[in-house]
Structure formats: C-alpha cells, structure tokens
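As structure tokens, the structure follows; a few thoughts come after it.
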Amino acid sequence: MAVRIEAARREETKSCPPRKRSARSLAFQQAWAAIPKQGFIPDKSDFRPESLAPFLNDIYLVEFTGEAERRLVFRLAGQTIRDALGIDLRGLSYADFVPEEHRFHAGKSMELMFGPHPCGRWIGKDIAHLDGYREPVELTQFPMLDRASGTRLILGIAEGFGMSDRHEAAGKFCFECREAERFIDIGAGLPG
C-alpha cells in the first residue's frame with residue numbers, strides 16, 4: 001500500500017502561464033506513431049524501448065486500472081523524473097500525489113484515451129514540492145494495451161523536471177494546477 005504524501009505547501013493561487021506543446025512532445029508523438037499496431041492502439045508486445053531511445057530518461061509508464069484510489073499505478077519512470085522528484089515511483093499510485101480533494105477524480109479523463117475514439121493526451125501542470133518550490137511540467141501521453149492480460153497502459157514523457165539547480169528533490173511533492181489539457185488525434189478523431 002502506497003504511503004500518502006503530505007500535500008505540498010501552497011503559495012497564493014497564481015494562474016499558470018499559457019502553455020503550448022513543445023517540439024519534443026511532437027517528436028514523441030511521431031515516435032509513438034511508429035510503433036507497430038493493429039488499429040489505433042499498439043500492443044505492449046510490439047513496443048521496443050530502443051525505438052524511443054531519445055526519450056528514455058523522461059519516459060513513464062502507468063497502468064490504468066479504473067479504480068479511483070489506484071487508477072494510475074506507475075510501472076516505471078525515467079531517470080530524470082526519479083532524480084527530480086527524489087523518489088522511485090514504481091508501484092505507487094498517482095492519486096497519492098494529488099491534493100486530497102482531487103484524488104477521487106485524478107486521471108479520470110484518461111478513460112477517453114481508450115474509448116470509442118482512442119486518443120493521446122497533453123497536459124501542462126505544476127509540481128509543488130513540500131519546500132514550496134514549484135516546477136511547471138508538460139506531460140505527453142499515449143495509450144498502449146497489454147492484450148494478453150487485458151491491461152490498459154499509458155506511455156508518456158514528462159518535460160520540465162530538474163530545470164533548476166535551486167531545488168533539491170526530497171521525495172515529497174504534489175501534482176497540481178492543471179492549466180491545460182488537450183486530447184491528441186491518433187487517427188480515430190477526438191472524443192466528443
């Protein structure tokens with residue numbers, strides 16, 4: 001069972017600056033699109049990590065269970081993410097790192113990634129560390145299936161971690177301030 005992480009101290013509410021998808025996000029989409037697939041979503045057995053070599057330090061893989069408290073369980077996180085957060089996320093739930101009032105709905109919109117119009121997802125948000133340091137990050141995510149087990153997976157990259165040497169990671173943080181969320185057409189159109 002994952003240990004609950006204390007919510008990070010919050011500064012006065014500030015609006016996040018407008019964010020746009022980066023060139024790296026677009027390049028990750030192209031690399032994901034090159035994974036062999038039948039239909040719109042690739043099978044985990046067709047995924048080769050070396051095909052995403054330029055992104056491996058920033059990559060993460062989560063299992064999408066659909067259960068509120070353990071909806072998104074981290075299976076892996078790249079070195080840049082681990083270093084910037086000061087924790088290995090494997091086996092932990094994303095819900096453990098969001099403010100208490102948002103845990104029930106955390107990651108719920110990811111259901112659309114596996115719906116009638118499968119799609120990718122791009123998010124701009126802040127990571128608030130316990131010491132008050134705020135870090136804007138950009139997440140680019142695409143669906144993947146493990147058809148043998150029926151498991152839904154989300155493969156993504158995180159950009160923006162560790163961009164400042166003013167902060168030392170301590171393993172206590174909170175995902176918050178989702179300023180932007182956009183769905184990405186992977187050939188099936190966008191959810192309605």
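The values are calculated or read from the model by the stated rules, or taken from the named source; none is laboratory data. Everything numeric in this text was worked out from a predicted model, so none of it was measured. Note that each Cβ is placed from the backbone with ideal geometry, even for glycine, and that neighbours are counted across all protein chains shown.
Some observations on this one:
- Every residue from region 45-68 that is part of a helix (DSSP H, G or I) and buried (at least 18 other Cβ atoms within 10 Å of the Cβ): 52, 55, 58
- Whether a residue is surrounded by fewer than 18 Cβ atoms within 10 Å (Cβ to Cβ) and on the phi < 0 side of the Ramachandran plot was assessed, and residue 118 does not pass this test.
- Residue within region 123-130 that is at pLDDT 90 or above, among the β-branched types (Val, Ile, Thr) and buried (at least 20 other Cβ atoms within 10 Å of the Cβ) present: no
- If you go through region 106-140 and pick out every residue that is assigned to a loop (DSSP other than H, G, I, E, B) and more than 15 Å from the chain's Cα centre (by Cα), you end up with 8.
- In the set 90, 71, only one residue is at pLDDT below 95 and surrounded by 18 or more Cβ atoms within 10 Å (Cβ to Cβ); that residue is 71.
- Where residue 71 falls short, out of the listed (1) in contact with a Gly (Cβ under 8 Å, 6 or more places away or on another chain); (2) among the basic types (Lys, Arg); (3) without any contact (Cβ under 8 Å) to a residue 12 or more places away in the chain: (3)
- Qualifying residues in region 105-130 (those that are without any contact (Cβ under 8 Å) to a residue 60 or more places away in the chain and charged (D, E, K, R)) - the one farthest from residue 82 (Cα to Cα): 111
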